[in-house]
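The values are calculated or read from the model by the stated rules, or taken from the named source; none is laboratory data. Model, not experiment: these values are computed from the prediction. We place every Cβ from the backbone using ideal geometry, glycine too, and count neighbours over all the protein chains shown. With ligands, DNA and RNA removed, areas are computed over all heavy atoms of the protein, side chains included. Shrake-Rupley method; radii C 1.70, N 1.55, O 1.52, S 1.80 Å.
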Amino acid sequence: MEIMEGSPTFSVDYYFSEKIKSQIADHGKSVFLSDSSMILDQLKARKYDLIIIGTVHRYFNIFDVMSAKYHTAVIVHNMNFTGTSQMGLIKSIFRKDRIYRLKLLGKEGLLRSPEVYRKAKHLLVLDEALSSGPFRFLPLFYTKYVNKPENKVLTIVIPGGVSQKRRDYKKVISTINTIEDLIDNSVIDNKLIEFVFLGRAKNAELKNIIDLERSLQYINITYFSERVSPSVFDAWMQKADVLWCPIQQETEFFSQKEVYGKTKMTGNLGDAVKFGKWAVFPANYQSGSDFIVPEQKDIISQFERLKEVSYDFQKDYSKQMVQRKLERLLNELIVI
């Protein structure tokens, strides 16, 4: 919504669920409350040059009708999932989350998922490195915050939900313990460091973080046991000296293997661009972005070096530049 503000070429309407709409502060005339029971009627009443579906992970029956009837583009978050067969979908029902997946099968047209991607005129991805073949890059992320923080304490922010499924928090905790021991043994300067787990922690991960906090003398830990509000998230991201993104190399969606950097984008990429931050990723993560830095063995020295170095995000990610790229793409999508 922010990147399209002030566009001289395009007018955009947004259809959101109550959950999403409630998170948006400015409800202009272009924002409509919607759900699966009303969206088709809402679209019928208006004539759009292009309809972009943000996620096709539910309501496959609705999106199937939409992609067949209108000039539609789909943002793809799990590229391997787009090629899953109906038989593959049926088999996946019995592997995990059976009740939920049976609901999708019976009420939301799960088996129509392949048809949605086949009928859509365009398939879009949010990471340029993933754009190949039928997948085109949709430029949305721009650098909104450019001021460099002046922290007395080295502040390392780990953005995202605290779950071992998506990120390797066991390694994070082990690394923090190692850093604490190094400080205690005076191998590095006796300086306070702060690690911020910027996402809700629960269950085993929450217990492990609490245990970690109690064991530390030289390192500060900040964590959250409840959902992190957008304002708190933004405040900590602006304060960060460096982002640490220990994502798992492999994950899965609907029992289909996905690989970060190859078939799936991590939201941490958008975080780094938006807040203008260096981001340290696992060494096995493939990225063509200069601000994505492979993790080194001496990670604390790496953090300290990155804190002192600036990266010119405005060169490639200013709002004006990204908006022009987006407008060029939208013009191409409309006429194809």
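Of the numbered conditions (1) among the hydrophobic types (A, V, I, L, M, F, W, C); (2) touching a residue at least 40 places away in the same chain (Cβ under 8 Å); (3) over 16 Å from THR155 (Cβ atoms); (4) surrounded by fewer than 20 Cβ atoms within 10 Å (Cβ to Cβ), PHE254 fails exactly one; give the number of that condition.
With respect to (1) among the hydrophobic types (A, V, I, L, M, F, W, C); (2) touching a residue at least 40 places away in the same chain (Cβ under 8 Å); (3) over 16 Å from THR155 (Cβ atoms); (4) surrounded by fewer than 20 Cβ atoms within 10 Å (Cβ to Cβ), PHE254 is out only on (4).
Residue-by-condition table, conditions (1) of a type outside the set (Lys, Arg); (2) open to solvent by 80 Å² or more (accessible area, probe 1.4 Å):
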{"position": "ASN284", "(1), (2)": "yes, yes"}
{"position": "VAL293", "(1), (2)": "yes, no"}
{"position": "GLN296", "(1), (2)": "yes, yes"}
{"position": "GLN302", "(1), (2)": "yes, no"}
{"position": "LYS307", "(1), (2)": "no, no"}
{"position": "MET321", "(1), (2)": "yes, no"}
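Return the total of residues in the stretch 69-97 being open to solvent by 50 Å² or more (accessible area, probe 1.4 Å) and modelled with pLDDT of 90 or more. If you could, list the steps in order and put the result at the bottom.
Of the residues in the stretch 69-97, the ones open to solvent by 50 Å² or more (accessible area, probe 1.4 Å) are 69, 77, 80, 83, 85-87, 90-91, 94-97.
Pick out the ones that are also modelled with pLDDT of 90 or more and you get 69, 77, 80, 83, 85-87, 90-91.
The number of residues fulfilling the criteria is 9.
Considering only the stretch 3-29, state which residues are surrounded by fewer than 12 Cβ atoms within 10 Å (Cβ to Cβ) and either under 24 Å from the mean Cα position of the chain (by Cα) or among the acidic types (Asp, Glu) (or both). Break it down stepwise before answering.
Of the residues in the stretch 3-29, the ones surrounded by fewer than 12 Cβ atoms within 10 Å (Cβ to Cβ) are 5-6, 8, 11, 18-19, 22-23, 25-26, 28-29.
Once the filter is applied, which keeps residues that are surrounded by fewer than 12 Cβ atoms within 10 Å (Cβ to Cβ) and either under 24 Å from the mean Cα position of the chain (by Cα) or among the acidic types (Asp, Glu) (or both), the stretch 3-29 yields GLU5, GLU18, LYS19, SER22, GLN23, ALA25, ASP26.
Within the stretch 145-249, which strands (runs of 3 or more DSSP E) (wholly inside it) include 1 or more residues that are touching a helix residue (DSSP H, G or I) at 6+ places or on another chain (Cβ under 9 Å) and closer than 17 Å to ALA272 by Cβ? Reasoning before the result, please.
Numbers: elements: 154-159, 193-200, 219-224, 242-244.
The strands (runs of 3 or more DSSP E) meeting that bar are 154-159, 193-200, 242-244.
Among LYS315, LYS297, which is the only one that is out of contact with any helix residue (DSSP H, G or I) (no Cβ under 7 Å at 6 or more places or on another chain), closer than 28 Å to ASP181 by Cα and of a type in the set (D, E, K, R)? Steps first, answer last, please.
On the way: LYS315 fails: closer than 28 Å to ASP181 by Cα.
Being out of contact with any helix residue (DSSP H, G or I) (no Cβ under 7 Å at 6 or more places or on another chain), closer than 28 Å to ASP181 by Cα and of a type in the set (D, E, K, R) holds for just one of LYS315, LYS297, which is LYS297.
Just to check your reading of the model, which residue among PHE137, PHE63, PHE94, PHE141 is in contact (Cβ under 8 Å) with a residue 60 or more places away in the chain and out of contact with any Gly (no Cβ under 6 Å at 6 or more places or on another chain)?
Details: PHE63 fails: in contact (Cβ under 8 Å) with a residue 60 or more places away in the chain; PHE94 fails: in contact (Cβ under 8 Å) with a residue 60 or more places away in the chain; PHE141 fails: out of contact with any Gly (no Cβ under 6 Å at 6 or more places or on another chain).
Exactly one of PHE137, PHE63, PHE94, PHE141 is in contact (Cβ under 8 Å) with a residue 60 or more places away in the chain and out of contact with any Gly (no Cβ under 6 Å at 6 or more places or on another chain), namely PHE137.
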